[in-house]
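What follows is one structure encoded as structure tokens, with my remarks underneath.
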Amino acid sequence: MSAAAMAQEALLNSIPYCRWMGIKVLQDGEGLVLELPFDQKLIGNTILPALHGGVIGALLETAALAQVVHELDCVELPKPVDMAIDYLRSGRALASYARARIVKRGRRTVNVHAQMWQEDETRPIASLRGHVLLRR
Amino acid sequence: MMQNPDWQDQARRMVGVTPWFAAIGGEVVMARAGRAMARISWREDLIGDPQTGVIHGGVITSLLDQLCGAAVMSALNQPLPIATLDLRIDYLKPAAKGMAIVGEAECLKVTHEIAFVRGSAHNEADQEVIALCTAAFMLTRPEGRAT
């Protein structure tokens with residue numbers, strides 16, 4: 001694991017909610033990827049079954065914040081301002097992954113997009129577009 | 001159209017208890033005629049910022065998604081599968097450390113395919129609004145029957 005991925009893992013481990021959800025950090029040639037292993041508690045619809053929309057939102061938001069911290073070397077966690085989540089496919093009872101990219105870095109705010117997928121990155125289950133406020 | 005009272009109770013049970021919402025300690029307090037209320041207690045393992053003790057945005061997302069779904073269910077005259085199409089959240093201020101969060105949502109319109117919802121979340125103790133949301137849900141009606 002690279003130093004960047006280790007630093008991210010340490011950051012996420014310091015956040016009780018991320019630790020509790022079981023979010024892990026991976027890295028590939030394109031950058032950081034967050035992994036959320038499947039767990040029964042993540043289910044929102046027991047009939048399908050499908051992941052809860054809040055779980056999907058939480059992983060996407062965490063990926064967005066982690067990417068900003070990683071790329072901009074933030075000392076403090078940025079504050080979320082707004083987040084818009086599009087639910088594209090139902091999240092199945094499988095491991096999920098998320099990757100984020102910064103679209104525009106302003107002096108105070110950052111526009112960030114994130115995508116979440118399960119078995120195939122070209123078939124995303126949800127995407128996020130949001131703004132975060134940098135703290136200094 | 002008259003709402004079936006049994007269905008109202010069924011709607012509350014269906015949308016009030018999902019494994020994830022129960023795991024984060026959430027509870028749908030009320031869901032009736034297109035309006036819903038839910039509550040979530042502050043808990044150590046829901047913290048998103050260890051320095052301030054502020055709850056993770058994902059918890060607010062879960063509360064609002066569950067709540068908006070409950071509002072949609074309670075606006076329908078019969079049980080239908082629903083799925084979140086999109087959810088937009090404005091984080092007005094961080095949730096206060098140690099305080100329960102209460103959310104309210106209202107389903108403003110139900111069409112054949114889509115339901116539109118608005119919601120908000122506030123600190124239970126001081127009533128300060130912490131988040132606003134707008135959501136759309138897909139409805140899956142039985143085929144070939146206009147209801």
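The values are calculated or read from the model by the stated rules, or taken from the named source; none is laboratory data. Just so it is clear, the model here is predicted, and its values are computed rather than measured. In this analysis, Cβ positions are derived from the backbone assuming ideal geometry, glycine residues included, and neighbour counts consider all displayed protein chains. Surface accessibility is based on the protein's heavy atoms, side chains included, excluding ligands, DNA and RNA. Shrake-Rupley method; radii C 1.70, N 1.55, O 1.52, S 1.80 Å.
Please compute the net charge surrounding A:A50, taking Lys and Arg as +1 and Asp and Glu as -1 over other residues with Cβ under 13 Å from its Cβ. Overall, the nearby charge balance is +1.
Amide H to amide H distances under 5 Å link B:A83 with B:M138, where only residues 5 or more positions off or on other chains count and H is placed in the peptide plane. Computed from Cα positions, the angle between helix A:53-72 and the longest principal axis of chain A comes to roughly 20 degrees. Per residue of peptide B:23-33, the mean number of Cβ atoms on other chains within 10 Å of the residue Cβ is 2. So how far, in whole Å, is the C-alpha centre of region A:27-58 from the one of region B:105-127? Cα centroid of region A:27-58 versus Cα centroid of region B:105-127: 24 Å apart. Its DSSP H runs of at least 4 residues, each contributing -39,500 (n - 2.57), put the calculated 222 nm mean residue ellipticity of chain A at -8500 deg cm²/dmol, to the nearest 500. Working note: 222 nm ellipticity from helices only, DSSP H runs with n ≥ 4, each -39,500 (n - 2.57), summed and divided by the residues of chain B, gives -7500 deg cm²/dmol to the nearest 500. Per residue, chain B exposes 45 Å² of accessible surface when a 1.4 Å probe is rolled over the protein heavy atoms with every protein chain present. In chain A, excluding the sites themselves, the longest stretch lacking any of the GluC sites (Glu not before Pro) that are in a DSSP loop with at most 15 other Cβ atoms within 10 Å is A:31-75.
Within 10 Å of each Cβ in peptide B:41-47, how many partner chain Cβ atoms are there on average? Round it to a whole number, please.
3
Note on A:10-18: average number of Cβ atoms from other chains within 10 Å of each residue's Cβ is 4.
Suppose all protein chains stay in the model; what accessible area per residue would a 1.4 Å probe give for chain A, in Å²?
Numbers: 6410 Å² over 136 residues.
Result: 47 Å² of accessible area for each residue.
Estimate for me the total accessible surface buried between chains A and B (protein heavy atoms, probe 1.4 Å, no ligands or nucleic acids), in Å² to the nearest 100. Roughly 2500 Å². Angle of helix B:57-75 to the longest C-alpha principal axis of chain B, folded into 0 to 90 degrees and rounded to 10: 20°. For a straight C-alpha distance cut-off of 25 angstrom, the lysines reachable from A:K41 (same-chain residues fewer than eight places away being disregarded) are A:K24, B:K97.
Calculate, for B:T52 and B:E143, the FRET efficiency according to 1/(1 + (r/R0)^6) with r their C-beta to C-beta distance and R0 41 Å; round to the nearest 0.05. Show your work: numbers first, answer last.
On the way: r = 50 Å, r/R0 = 1.23.
E(calc), rounded to 0.05, equals 0.20.
Extending 7 Å from Cα along the Cβ direction at A:A7 and again at B:M30 yields two label points whose distance is 5.0 nm. Amide H neighbours of A:I125 under 5 Å, at least 5 residues apart or on other chains, H built in the peptide plane: list them. When sequence neighbours closer than 5 places are left aside, the close amide H contacts are A:M116, A:W117, A:Q118.
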